[in-house]
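The values are calculated or read from the model by the stated rules, or taken from the named source; none is laboratory data. Everything quoted here is computed from the prediction, not taken from an experiment. Cβ: placed from backbone, ideal geometry, glycine included. Neighbour counts: every protein chain shown.
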Amino acid sequence: MYKTRIKKITEKLFENNIDGFVVNKPENQYYISGFSGEGLIIITGRKNYIITDSRYTEQAKNEAQGFEIIERQKGTSPFLISFHIIKDLGLKIIGFESHSLTVKEYDELVETYKNITLIKTDGFIEQLRTVKDSYEINLIKSAQKITDKAFEYILGLIKPGVSELDLVAELEFFMKKNGSKSKAFPTILVSGPRTSLPHGSPSERILQSGDFVTIDFGARFSGYCSDMTRTVVIGKPSERQLSIYNTVLNAQIKAIEYIKPGIIGKDADSVARKIISKQGFGDYFGHGLGHGVGLEIHEAPSLSPKGESHLLPGMIVTVEPGIYIEKYGGVRIEDMVVITKNGFENLTNSEKQLICL
């Protein structure tokens, strides 16, 4: 698996007349090697290296087969070590990931790599990562199974008198107890008027009867993320709550049904946006319809008004329209789907008809 990925990367480098590649983004390092520690990876047409320190040397040997592991001493720059490797190999043009370097790291890289031509290769690995193989898809399915199970569990705890923070603690602990290494991203759990905050942080607010409660969360399994949002109501919903919820639900269902190979991200977004606008809520849907999910919670492709990429089999995207009305509240419903040869497979199994607790 990793050999195939490295082969694709080196072929792409050579097509662009680049001799080697310095990889420092953790997700990209994991994708091409399986190494989950801290370090620097060098890809060449001959040998591949991981430069790390004593904390991760044994780990690198166990996780990254086919890589030469170089242990750096404390205080020694990994860029300096990589420069000597590149110089000894006679490489002249090196690609690097400028988007994942700090300004200080970039300055150090430029200063160290004297007489070496540096080429920004942002997106080289990320583009490969957009299409998941069966192994990756199964890991994401496993992450989502944990997430679905956690949602079913937390429904039994949502009631008047508990706080948003209490529910988050219960939710995240349950996911860890059921196989999640960590949460995929900071859990969003908001209630009542605070559901108008698309990315609101959980607070000490106490849930009340009549509240909408929106939960956006995900598990992480073997490095891969899941992402799901559900909105429920405590007690009997009002007519306005039903109108908002059913508008979002209809937009989400229709957008998912539209998804298939070859469509453009912005066109899927348009399907949901037109439905929401037709019901008079167009000004209250401010974000894009969805995004890719994998080793990172936000990856390409984008399902948004600016999403120009075509969807391909193996891509996994979220579909998450929402309506957010300041000082009143809001609704978001989100599923993850994988693009198949003939359409899509929905990876999210949790109920999305309005649940009244």
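Scan region 220-246 for residues that are surrounded by fewer than 22 Cβ atoms within 10 Å (Cβ to Cβ), touching a helix residue (DSSP H, G or I) at 6+ places or on another chain (Cβ under 8 Å) and of a type in the set (Ser, Thr, Tyr) and jot them down. Of everything in region 220-246, just one residue is surrounded by fewer than 22 Cβ atoms within 10 Å (Cβ to Cβ), touching a helix residue (DSSP H, G or I) at 6+ places or on another chain (Cβ under 8 Å) and of a type in the set (Ser, Thr, Tyr), namely Ser222.
Where in region 10-104 are there strands (runs of 3 or more DSSP E), lying wholly inside it, with at least 1 residues that are more than 29 Å from the chain's Cα centre (by Cα) and more than 16 Å from Gly123 (Cα to Cα)? Spell out how you get there, then give the answer.
Numbers: elements: 20-23, 40-44, 48-52, 68-71, 93-96.
Hits in region 10-104: 68-71, 93-96.
In region 157-200, which residues are over 18 Å from Ile297 (Cβ atoms) and of a type in the set (S, T, N, Q)? Listed by number, the residues that qualify are Ser163, Asn178, Ser191, Thr195, Ser196.
Apart from one condition, Ile94 fits all of (1) assigned by TED's automatic domain parsing to the domain that holds Met175; (2) surrounded by 13 or more Cβ atoms within 10 Å (Cβ to Cβ); (3) in contact with a Leu (Cβ under 9 Å, 6 or more places away or on another chain); the exception is (1). Which one of these does Phe217 not meet: (1) more than 26 Å from Tyr31 (Cβ to Cβ); (2) buried (at least 21 other Cβ atoms within 10 Å of the Cβ)? Of the numbered conditions (1) more than 26 Å from Tyr31 (Cβ to Cβ); (2) buried (at least 21 other Cβ atoms within 10 Å of the Cβ), the odd one out for Phe217 is (1).
For region 138-232, the strands (runs of 3 or more DSSP E) that sit wholly inside it and include 3 or more residues that are under 23 Å from Val337 (Cα atoms) and touching a residue at least 40 places away in the same chain (Cβ under 8 Å) are 212-217, 219-221. For region 278-333, enumerate the residues that are in a loop (DSSP other than H, G, I, E, B), on the phi > 0 side of the Ramachandran plot and more than 16 Å from the chain's Cα centre (by Cα). Within region 278-333, Gly280, Lys327 meet the criteria. For region 103-135, name all the residues that are surrounded by 13 or more Cβ atoms within 10 Å (Cβ to Cβ) and of a type in the set (A, V, I, L, M). Leu109, Val110, Ile116, Leu118, Ile119, Ile125, Leu128, Val131 - these are the residues of region 103-135 that are surrounded by 13 or more Cβ atoms within 10 Å (Cβ to Cβ) and of a type in the set (A, V, I, L, M). Considered as a group, the residues in region 297-349 that are of a type in the set (Ser, Thr, Tyr) and more than 17 Å from Ile188 (Cα to Cα) include one that is surrounded by the fewest Cβ atoms within 10 Å (Cβ to Cβ), and that residue is Thr340.
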